[in-house]
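Everything on this sheet refers to the single structure shown next.
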Amino acid sequence: MSADQTLAFDPSCHIFSGCGFPAPGLHTFMYEPIATVAGFEFTKPMLLALLGSILIVVFFWAAFAKPKLVPGKVQMIGEAGYDFVRRGIVYEIIGKKDGEKYVPFMVSLFFFVWILNLWSIIPLAQFPVTSLIAFPAGLALVVYVTWVSLTFKKHGFVGGWKNILGYDKNLGPILPMVMVLEFLSNLIIRPFTHAVRLFANMFAGHMLIVMFSLATWYLMNGLGFVYAGASFVMVVTMTAFELFIQAVQAYVFVLLACSYVQGALSEHH
């Protein structure tokens, strides 16, 4: 929990001191601008997103700028991460032949989402950037545009719409209903759920960690110390659980992205 997130919290506020529990809320996700340039406000989440991008580029540059036949530790970790996404996600969903060209994109997407999530448990940062809907929405939009572009490039204008709308003349009288449902599902609901799934998980996880962190401090007074210990255990437990969820959400986000690309390349959904 960072200093920005506790501006409304009085450090002297404890149980039995006459003040109520300072419950976290939407203010937990709001930050004052670090700087304003030409009317553009630069905030802490933006800084973390920028630092995350730089860290990913630096890491993979260090790993593969001068690859060796017998890899060093950095190259070995880089190869393991790259191969995990390539074989474990891309090849499994899209296939080796069609999927190879999309591996760099999916690897970049996976590690970018993961590090934006990972900031939640990094000291001083302590904030998952993807808990702000704008970031998952932006990433989902990139996937959405990629999917739509590939669909029309692969099948042409008419064929692309048939692919998106699930056109199949064998459906008979229910075809119009299916096409309407496919339109809503693919062009409206799909990008929405793709973004919200990541956002909601990281938002909820961060809220829980902040709540138990505040509760630990708040209960540190008199008999409240007993309950503060239990609350601290929950902080540790939720942090460990969040570490797992962060990786899972990056995996699911890329898994769905690969599924959309596979759907664009195939004849039917």
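The values are calculated or read from the model by the stated rules, or taken from the named source; none is laboratory data. These numbers were taken from a predicted model, which means no experiment stands behind them. Note that each Cβ is placed from the backbone with ideal geometry, even for glycine, and that neighbours are counted across all protein chains shown. SASA here: full protein model, heavy atoms, side chains in, ligands and nucleic acids out. Shrake-Rupley method; radii C 1.70, N 1.55, O 1.52, S 1.80 Å.
Once the C-beta distance of K101 and V178 is scaled by a Förster radius of 35 Å, the resulting FRET efficiency is 0.65 to the nearest 0.05. Of D98, D83, the residue with the largest accessible area leads and the full order is D98, D83 (1.4 Å probe). Three semi-axes describe the equivalent ellipsoid of region 180-269; taken as square roots of 5 times the Cα gyration tensor eigenvalues and ordered largest first, they are 42, 13, 6 Å.
Size of the chain from its Cα atoms: along the principal axes, largest to smallest, the extents are 73, 58, 44 Å.
Within the chain, helices built from complete DSSP H runs that reach 18 Å or longer along their own axis (Cα positions) and carry a mean Kyte-Doolittle hydropathy of 0.0 or higher are 44-64, 73-85, 103-118, 134-165, 190-218, 224-265. Taking all protein chains into account, the per residue accessible area for region 1-153 stands at 57 Å² (1.4 Å probe).
Our estimate of slack between F152 and V248, defined as 0.36 nm per intervening residue step minus the Cα-Cα distance, is 31.5 nm.
Ellipsoid fit via the Cα gyration tensor, region 1-135: semi-axes of 39, 17, 16 Å, each the root of five times an eigenvalue, largest first. The relative contact order of region 143-269, computed from alpha carbon pairs under 8 Å that lie at least 6 residues apart in sequence, is 34 percent. What a 1.4 Å probe finds exposed on the chain is 73% carbon and sulfur by accessible area, rounded to a whole percent.
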